[in-house]
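These notes concern the structure reproduced below.
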Amino acid sequence: MNVAVIGTGYVGLVSGACLADLGHVVTCVDVDPQKIEKLRHGIMSIFEPGLEETVKRNVGNGRLKFTSDYTQAVPEADFISIAVGTPSASDGSADLTYVYAAAEEIGKHIKKYVVIADKSTVPVGTSEEVALRVSRYATTPFDVISNPEILREGHAVSDFMNPTRIIIGAATEQAAQVAKELFAFLDCPKLVMSPRSAELTKYAANAFLATKISYINEIAHLAEKLGADIEEVALGIGSDPRIGKEFLRAGLGWGGSCFPKDVRAIRKVGESLGHSMPIVSAACEMNERAKSRVVERLSEALGGLSGKTIGVLGLAFKNNTDDTRESAALELIKLFTDQGARVIAYDPEAHIYDQDILTKFTRVKTSQEVAKNADALVIATEWDEFRQLDLVKMRKQMKGDVLMDARNLLKPESVKKAGFISLSVGRRL
Ligand code: NAD
């Protein structure tokens, strides 16, 4: 099938490369000409395991192209995926500016029947508005479907190729068939539903997962007070298939480019309909508490944070990604520096867009360097390489002896054995 993917970010670039790997002929379009130029030269705009090889393989075999010109991609396409950003507007609602701009450009350039899929996470009713925007310019028939993406950054290529399900929100049988054909080689249930249900499914899933993390953090804080161990409790409850083991890791809470903005957007939609969402609201409150509790406990251990040096390991919102959008690690750094601490931080891949936060800490190139004269270390992102830290060497370089493992990555016994006071989230010390 001839496919156009609009947007070459985490979702667009991965979907474009993977659809090419499935045998489709794909052209990826982005309004950022520099990004396109780099991609043409095999330089990835993002860090995502397995992506570079997939892109290069398909550029090499001629099935994957990059352009900033819609006319190079849209007229020939049988299927167009819109994968542009939908950030939070200042009131918390989803900002659909990029989606609508893409829809209008598509409308100007379609030349035959095409299925246009909203892959971006968008509020209920957006596919209808996208259809209206396309129809302002289009002279040929088209359908708009909702096809929300469910990949996880850090596992995006593997998630795209091995999905648990594909959501197809289609109002016509023809559009549903085209979408099923596009994903025919992916062996998973293709769930055809109304566009409105598909749009709500994505928000409901993200809000549920965020709530699950907040829930385990709430229980973790209780476990600390009761002398129980959250990892034993998580295993105990997660072994019940009605609950499941995933998303039961206590820690610093959720962040990233999706959960915070999507949770804000679904609450905003509820609010606009006079429908309060107490569970989702509580999940947000708990998420703030997850960070402030780490700060409080560290402050307690150090006798206040003012004038202290804290070495932070990890800046990305989770491991295996360079994405720092709404990263809990960066929020933590703000909270530390607000209380007068000095922060030295390391991350192997993190890309920081927020210029303001860059002025608040010193970034170093190795994990060992964060330890130099530090009063405490904090693990803020669960990078695998932090499992192999030479803790004894780090401890020797430090002024203090506290290690707060805010992601429960290390065994408390090995932390203690290296001479640290070991703090973590909800675990017996
Ligand atoms: P991103 O910010 O990484 O990438 C968006 C890209 O779209 C950018 O390269 C930008 O230049 C481009 N763009 C903007 N307007 C354009 C236009 N009119 N025409 C062509 N290109 C345009 O965003 P992302 O993280 O890939 O997310 C995209 C959407 O997918 C969002 O709605 C997000 O919520 C959703 N989503 C993201 C993830 C994730 O893990 N990142 C997972 C599932 C769903």
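The values are calculated or read from the model by the stated rules, or taken from the named source; none is laboratory data. The structure displayed is predicted, hence computed values, not measured ones. Positions of Cβ are backbone-derived with ideal geometry, glycine not excepted, and every protein chain shown enters the neighbour counts. Side chains are part of the model used for accessible areas, which takes the heavy atoms of the whole protein and leaves out ligands, DNA and RNA. Shrake-Rupley method; radii C 1.70, N 1.55, O 1.52, S 1.80 Å.
Which of the residues that make up the stretch 45-100 are hydroxyl-bearing (Ser, Thr, Tyr), away from the ligand (no atom under 11 Å from the Cβ) and closer than 26 Å to residue 325 by Cβ? Can you show your working first?
So in the stretch 45-100, the residues hydroxyl-bearing (Ser, Thr, Tyr) come out as 45, 54, 67-68, 70-71, 81, 86, 88, 90, 93, 97-98, 100.
Adding the requirement that they be away from the ligand (no atom under 11 Å from the Cβ) leaves 54, 71, 90, 93.
Correct list: 54, 90, 93.
Just one of 261, 268 is out of contact with any strand residue (DSSP E or B) (no Cβ under 7 Å at 6 or more places or on another chain) and touching a residue at least 40 places away in the same chain (Cβ under 8 Å); which is it? Steps first, please.
Details: 261 fails: out of contact with any strand residue (DSSP E or B) (no Cβ under 7 Å at 6 or more places or on another chain).
Of the residues listed, the single one that is out of contact with any strand residue (DSSP E or B) (no Cβ under 7 Å at 6 or more places or on another chain) and touching a residue at least 40 places away in the same chain (Cβ under 8 Å) is 268.
Does the stretch 171-181 include one or more residues that are within 16 Å of the ligand (Cβ to nearest atom), touching a strand residue (DSSP E or B) at 6+ places or on another chain (Cβ under 8 Å) and not basic (Lys, Arg)? Quick ask: steps written out before the conclusion?
Of the residues in the stretch 171-181, the ones within 16 Å of the ligand (Cβ to nearest atom) are none.
No: zero hits.
For the stretch 258-275, which positions are loosely packed, with under 11 Cβ neighbours inside 10 Å and small (Gly, Ala, Ser)?
274
Hey, does the stretch 387-410 have a residue that's of a type outside the set (Ser, Thr, Tyr), within 24 Å of the chain's Cα centre (by Cα) and either part of a helix (DSSP H, G or I) or surrounded by fewer than 16 Cβ atoms within 10 Å (Cβ to Cβ) (or both)?
For the stretch 387-410, residues of a type outside the set (Ser, Thr, Tyr), within 24 Å of the chain's Cα centre (by Cα) and either part of a helix (DSSP H, G or I) or surrounded by fewer than 16 Cβ atoms within 10 Å (Cβ to Cβ) (or both): present.
With crowded, with 16+ Cβ neighbours inside 10 Å, outside the structural domain of residue 323 (by TED's automatic domain parsing) and modelled with pLDDT of 95 or more as the only criterion, which of 45, 93 stands out? Show your work before the answer.
Numbers: 45 fails: modelled with pLDDT of 95 or more.
Every option except 93 fails the conditions.
Whether any residue in the stretch 218-228 is open to solvent by less than 40 Å² (accessible area, probe 1.4 Å), over 18 Å from residue 152 (Cα atoms) and not small (Gly, Ala, Ser) is what I want to check.
Just the residues of the stretch 218-228 that are open to solvent by less than 40 Å² (accessible area, probe 1.4 Å), to begin with: 220-221, 223, 228.
Within this subset, residues satisfying the condition of being over 18 Å from residue 152 (Cα atoms) are 220-221, 223, 228.
Next cut, not small (Gly, Ala, Ser) only: 221.
Scanning the stretch 218-228 turns up at least one residue that is open to solvent by less than 40 Å² (accessible area, probe 1.4 Å), over 18 Å from residue 152 (Cα atoms) and not small (Gly, Ala, Ser).
Scan the stretch 364-384 residue by residue and report those that are assigned to a helix (DSSP H, G or I) and more than 19 Å from residue 328 (Cβ to Cβ). I'd like the intermediate steps shown before the answer.
We begin by selecting, within the stretch 364-384, every residue assigned to a helix (DSSP H, G or I); these are 368-371, 384.
Within the stretch 364-384, 368, 369, 371 meet the criteria.
Scanning for something in contact with a strand residue (DSSP E or B) (Cβ under 7 Å, 6 or more places away or on another chain), outside any loop (DSSP other than H, G, I, E, B) and buried (at least 24 other Cβ atoms within 10 Å of the Cβ), does the stretch 291-305 turn up at least one residue?
So the first thing to find is which residues in the stretch 291-305 are in contact with a strand residue (DSSP E or B) (Cβ under 7 Å, 6 or more places away or on another chain), and the list is 294, 297-298, 301-302.
Filter again for outside any loop (DSSP other than H, G, I, E, B), leaving 294, 297-298, 301-302.
From the residues that got through so far, the ones that are buried (at least 24 other Cβ atoms within 10 Å of the Cβ) too are 294, 298.
Yes: one or more hits.
Against the condition outside any loop (DSSP other than H, G, I, E, B), within 12 Å of the ligand (Cβ to nearest atom), over 30 Å from residue 264 (Cα atoms) and among the charged types (D, E, K, R), how does residue 38 come out, does it pass?
Values: outside any loop (DSSP other than H, G, I, E, B): yes; within 12 Å of the ligand (Cβ to nearest atom): yes; over 30 Å from residue 264 (Cα atoms): yes; among the charged types (D, E, K, R): yes.
The answer is yes for residue 38.
Working only within the stretch 20-35, note down all residues that are in a helix (DSSP H, G or I) and of a type outside the set (S, T, N, Q). Let's see the steps before the verdict.
At the first step, the residues of the stretch 20-35 found to be in a helix (DSSP H, G or I) are 20-21, 33-35.
Those that are in a helix (DSSP H, G or I) and of a type outside the set (S, T, N, Q): 20, 21, 33, 35.
Could you name every one of the strands (runs of 3 or more DSSP E) located completely within the stretch 107-215 that has at least 3 residues being touching a Pro at 6+ places or on another chain (Cβ under 8 Å), open to solvent by less than 50 Å² (accessible area, probe 1.4 Å) and in contact (Cβ under 8 Å) with a residue 24 or more places away in the chain?
On the way: elements: 114-118, 142-146, 166-169, 190-193.
Strands (runs of 3 or more DSSP E) meeting the threshold: 142-146, 166-169.
Of the residues that make up the stretch 335-354, is at least one in contact with a strand residue (DSSP E or B) (Cβ under 8 Å, 6 or more places away or on another chain) and open to solvent by 60 Å² or more (accessible area, probe 1.4 Å)?
yes
For the stretch 29-55, what are the residues that are farther than 25 Å from residue 352 by Cβ, within 24 Å of the chain's Cα centre (by Cα) and of a type outside the set (S, T, N, Q)? If you could, list the steps in order and put the result at the bottom.
Looking only at the stretch 29-55, we keep the residues that are farther than 25 Å from residue 352 by Cβ, and these are 29, 40, 53-54.
Okay, now just the ones that are also within 24 Å of the chain's Cα centre (by Cα), so 29, 53-54.
29, 53 - these are the residues of the stretch 29-55 that are farther than 25 Å from residue 352 by Cβ, within 24 Å of the chain's Cα centre (by Cα) and of a type outside the set (S, T, N, Q).
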